[in-house]
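Here's the structure we're looking at; comments come further down.
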Amino acid sequence: MIKSRAWRKRCINLVDSKTERCKKEKIKIMKIKKGDTIIVTTGKDKGRKGKVDRVLPKDHTLIIQGINMVKRHMKKRDEKNPGGIIDQVRPIDASKVALVCPSCGKPTRVGYLVAKNLPASKAGEKERICRRCKKRIG
Ligand SMILES: [Zn+2]
């Protein structure tokens with residue numbers, strides 16, 4: 001089968017646009033959102049639950065109150081910062097936590113459902129669903 005020059009050109013363009021898109025989307029998709037309840041699956045805080053305070057998609061990390069605390073030895077600076085050992089919350093990698101489903105209360109993976117029959121403005125929007133009970137996650 002002889003493939004035309006135009007066909008080849010089109011193929012190259014397709015590949016180019018794909019790699020470009022990948023470069024642009026270096027930021028990984030975060031399945032966990034602010035306000036979600038999560039459970040830590042690994043590390044020193046394994047098994048602990050918490051609520052997501054902040055999502056940092058650039059680093060693929062989350063800030064969760066009370067999780068991944070580190071002690072910082074601070075020097076005394078002034079009256080406001082007396083120094084000493086201070087507990088600080090460090091971001092935790094999103095791969096170390098699992099979402100706790102609000103419907104079934106179990107740690108779950110997140111699935112996506114592409115909603116149908118939506119108005120044009122919302123076309124292609126996805127809904128998060130629990131992979132255990134298949135219910136929607138807010
Ligand atoms: Zn569920």
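The values are calculated or read from the model by the stated rules, or taken from the named source; none is laboratory data. Note that the structure is predicted; figures quoted are calculated from it, not measured. FYI the Cβ positions are ideal-geometry reconstructions off the backbone, even for glycines, and counts take in every protein chain you see.
Return the residue satisfying two criteria in turn: it lies in segment 103-138 and is small (Gly, Ala, Ser) and within 16 Å of the ligand (Cβ to nearest atom), and of such residues it is modelled with the lowest pLDDT.
Keep residues of segment 103-138 that are small (Gly, Ala, Ser), which gives 103, 105, 111, 115, 120-121, 123-124, 138.
From what is left, the residues that are within 16 Å of the ligand (Cβ to nearest atom) are 103, 105, 111, 138.
Details: SER103: 94, GLY105: 94, GLY111: 91, GLY138: 75.
By that ranking, first place goes to GLY138.
Is it the case that segment 37-54 has a residue that's loosely packed, with under 13 Cβ neighbours inside 10 Å, part of a strand (DSSP E or B) and under 18 Å from the mean Cα position of the chain (by Cα)? Looking for residues that are loosely packed, with under 13 Cβ neighbours inside 10 Å, part of a strand (DSSP E or B) and under 18 Å from the mean Cα position of the chain (by Cα), one finds at least one in segment 37-54, hence yes. Could you tell me which residue of segment 57-86 is surrounded by the fewest Cβ atoms within 10 Å (Cβ to Cβ), considering only residues that are among the charged types (D, E, K, R) and modelled with pLDDT of 90 or more? It comes out as LYS71. Among the residues making up segment 88-102, those that are near the ligand (Cβ under 10 Å from one of its atoms) and either part of a strand (DSSP E or B) or more than 12 Å from LYS135 (Cα to Cα) (or both) are LEU99, VAL100.
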